[in-house]
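Some notes on the structure that comes next.
The values are calculated or read from the model by the stated rules, or taken from the named source; none is laboratory data. Given the structure is predicted, the values throughout are model-derived calculations rather than measurements. All Cβ positions, even for glycine, are placed from backbone atoms using ideal geometry, and neighbour counts span all protein chains on display. In case anyone asks, the SASA skips ligands and DNA or RNA and just uses the protein heavy atoms, side chains included. Shrake-Rupley method; radii C 1.70, N 1.55, O 1.52, S 1.80 Å.
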Amino acid sequence: MEMKLSAPCLFGLESLVSDELKRLRAENIQAENGRVLFSGGAELIARANINLACAERVQILVGEFDAKSFDELFEGTKALPWENFIPKDGAFPVKGHSLNSKLFSVPDCQAIVKKAVVERLKSKYKISWFEESGPKFQISFMLMKDRASLYLDTSGVGLHKRGYRPLGNAAPLRETLAAAMAKLSRYRGKEEFNDPFCGSGTIVIEAAFAAKNRAPGLFRRFEAETWPLIPNFVWEEERKAARAREFSGEYRIWGGDIDKKSIEIAKSNAQRAGVSDIVAFEVADAREFRRETSGGLIVTNPPYGERIMEKKEAEELYRAFGRAFRALEDWKLYLLTSHTEFELNFGE
């Protein structure tokens, strides 16, 4: 069955997610603010969940319609083909958001959507009570400028939860954003890759995934694996195909941090991620960052004042790290920070 699907993502990552979906052979790809729409069947739902590195989840877009009143929300929801996805025993909780819409009360909208789905399924299954004892089909809605979008979530836990990071340091970076940083640096596993502020190792681990062409969702489970819609063999085949696409080789991927505890966490995370054999972590001071090789990539998310350090300490760190970077030969730096005056202090 061909379905309209959606991959929500952090704002600014839409083009990266679109590129990923093209490689996964998705069709009708359309990037919008905060999501990428595409179409495909059951196999693509499994493939996208297992392989997408920068998207937050994979959803079935059940339908969209204008909803300026509760009546319009009810009737629009009831008109959608929920029976194509939710079986008689399916559990279907509802959650959602509203932004710039006349229907701004989320609890009231949740109740209306739930009632509409129940009425639809009652008419289709000819039953009056739903025990909801079977697989979970999470319904979510988004009301944006009086336009309702209704989804079924196939991922369950967000795709940024790869399963390798049960621990974190004081300021963990989201895995999908770390993967985006590695992709934007155009790292392909050939040059040296460094993160001198590695923290719990997220950027380094995501770079290792990129180098090996490893599917980030290979070793976790997804909500839709319990659905009759997608047979178990589909998931097995997609995981098998993902493993077959992996590369092997020698890589130079390094992470350093001044905090010993963070390095210990990073090593444990890399072990769980299955990349400890191709990455190296060590306690190191970024202010004294040195490399023997000519050329390489530095991809990092340095600490900043409001998060870990006092502002003045952070600015002094930027100055010292900037001086160290400028002493390197033919290196490229990709850096993410919210500090508005970073450039004024870097290497000053």
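Numerical summary
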| quantity | calculated |
| --- | --- |
| Gain on full stretching of the segment that runs from Ser15 to Asn84 - 0.36 nm per residue minus C-alpha separation | 21.8 nm |
| Antiparallel bridge percentage (DSSP; both residues within the chain; nearest 5) | 55 percent |
| Kirkwood hydrodynamic radius of region 24-88, from inverse mean 1/r over distinct Cα pairs, in Å | 14.0 Å |
| Solvent exposure ordering (accessible area, 1.4 Å, most first) of Asp71, Asp19 | Asp71, Asp19 |
| Accessible-area composition of region 59-164, carbon plus sulfur, in percent [1.4 Å probe] | 53 percent |
| Percent antiparallel among DSSP beta bridges (both partners in region 1-141, rounded to 5) | 75 percent |
| Probe 1.4 Å - accessible area at Met1, Å² to nearest ten | 120 Å² |
| Distance between modelled label sites at Ala111 and Ala327, nm, 7 Å Cα→Cβ extension | 6.7 nm |
| The chain, accessible area per residue, ligands and nucleic acids excluded (1.4 Å, Å²) | 48 Å² |
| Residue-averaged 222 nm ellipticity for the chain, from DSSP H runs of 4+ at -39500 (n - 2.57), nearest 500 | -10500 deg cm²/dmol |
| Solvent exposure ordering (accessible area, 1.4 Å, most first) of Glu313, Glu288, Glu32 | Glu288, Glu313, Glu32 |
| Which labelled figure in (i) 28, 49, 22, 2; (ii) 31, 60, 9, 1; (iii) 26, 56, 18, 0 is P(r) over Cα pairs in 20 Å bins from 0, in percent, once derived from the coordinates | (i) |
| Solvent-accessible area of Leu173 with every protein chain in place, 1.4 Å probe, in Å² to the nearest 10 | 20 Å² |
| Accessible surface, 1.4 Å probe, highest first, among residues Met144, Met181 | Met144, Met181 |
| Signed unit charges on C-beta, dipole axis of the chain, positive-most listed residue Ser262, Ala7, Ala31 | Ala7 |
| Most positive-pole-ward Cα, Thr337, Phe321, Tyr151, against dipole of the chain from beta carbon charges | Tyr151 |
| Of all accessible heavy-atom area on region 16-58, the percent that carbon and sulfur account for (1.4 Å) | 37 percent |
| Helical segments meeting 24 Å axial Cα length and Kyte-Doolittle -0.5 threshold in the chain (DSSP H) | 106-125 |
